[in-house]
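A short worksheet on the structure shown next.
Just so it is clear, none of the values below were taken in a lab; they were calculated from the coordinates. For clarity, every value in this text was computed on a predicted model and none was experimentally measured. Here the Cβ is made from the backbone with ideal geometry for all residues, glycine too, and neighbour counts use every protein chain on show.
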Amino acid sequence: MKTLVAYFSAEGTTAAVARALAEAAGADTFEIKPELPYTAADLKWTNPLARCNREKLGGKFVPVEGKAEGFSDYGVVMLGFPIWYYGAPNIINTFCRDYDWTGKKVYIFATSGGSGIGKTAEKLAPYLKGAQIADARVVRSASELGEWIKAE
Ligand SMILES: Cc1cc2nc3c(=O)[nH]c(=O)nc-3n(C[C@H](O)[C@H](O)[C@H](O)COP(=O)(O)O)c2cc1C
């Protein structure tokens, strides 16, 4: 079964983990990018009017640039993102909503400033219809995910 590492990273931390994970797992990658890139000002969550806060409060879907080619060929998807407001950024809801997850095994990894994974997987589940969520973790490096690679 082919494995895809699909990830969103606003500031580079999750991207580094995702690339190392893909390399170790021999997986393909798809970077989930917003059609409208985030600027540093957009991410200033201390500013109530910043884009990140407006998206969060408005429950907005965030349009994703491009499509993951051949998505239906992947049996396993490792989905990575930074923890935003104790869960997945809205762009992850958008990405998940747009594909058919039936029969796929999904591993969720996140980086954070200190928060744990909390209810991140439960909150994402409605957008991952038909998938089996095998695990969900906050990590600092791909070396913490050796078990996943061994299992696949
Ligand atoms: C809008 C926003 C919200 C965040 N919310 C949280 C949070 O709830 N808990 C936490 O520990 N870190 C939070 N962070 C910090 C990020 O999760 C952390 O810096 C992450 O490693 C960034 O990954 P990236 O470089 O791939 O974007 C937040 C960062 C941003 C920009």
So which residues in the range 92-108 are closer than 16 Å to residue 5 by Cβ and either in contact with a Phe, Trp or Tyr (Cβ under 8 Å, 6 or more places away or on another chain) or part of a helix (DSSP H, G or I) (or both)? 92, 95, 96, 99, 104, 107
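Would you please name the residue that is nearest to residue 117 (Cα to Cα), looking only at residues in the range 53-95 that are hydroxyl-bearing (Ser, Thr, Tyr) and free of Cβ contacts under 8 Å to residues at least 60 places away in the same chain? Spell out the reasoning first.
Let us first name the residues in the range 53-95 that are hydroxyl-bearing (Ser, Thr, Tyr), namely 72, 74, 85-86, 94.
Pick out the ones that are also free of Cβ contacts under 8 Å to residues at least 60 places away in the same chain and you get 72, 85-86, 94.
Numbers: 72: 27, 85: 11, 86: 7, 94: 19 Å.
Here the residue is 86.
Of all residues in the range 116-134, which are outside any loop (DSSP other than H, G, I, E, B) and in contact with a Ser or Thr (Cβ under 6 Å, 6 or more places away or on another chain)?
Step one: list which residues in the range 116-134 are outside any loop (DSSP other than H, G, I, E, B), which gives 120-127, 132-134.
Of everything in the range 116-134, nothing turns out to be outside any loop (DSSP other than H, G, I, E, B) and in contact with a Ser or Thr (Cβ under 6 Å, 6 or more places away or on another chain).
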Go through the residues of the range 39-47 one by one and say whether even a single one is surrounded by 14 or more Cβ atoms within 10 Å (Cβ to Cβ), within 9 Å of the ligand (Cβ to nearest atom) and in a loop (DSSP other than H, G, I, E, B). yes
Here's a check for you: in the range 2-38, which residue that is away from the ligand (no atom under 13 Å from the Cβ) and assigned to a loop (DSSP other than H, G, I, E, B) is farthest from residue 69 (Cα to Cα)? 36
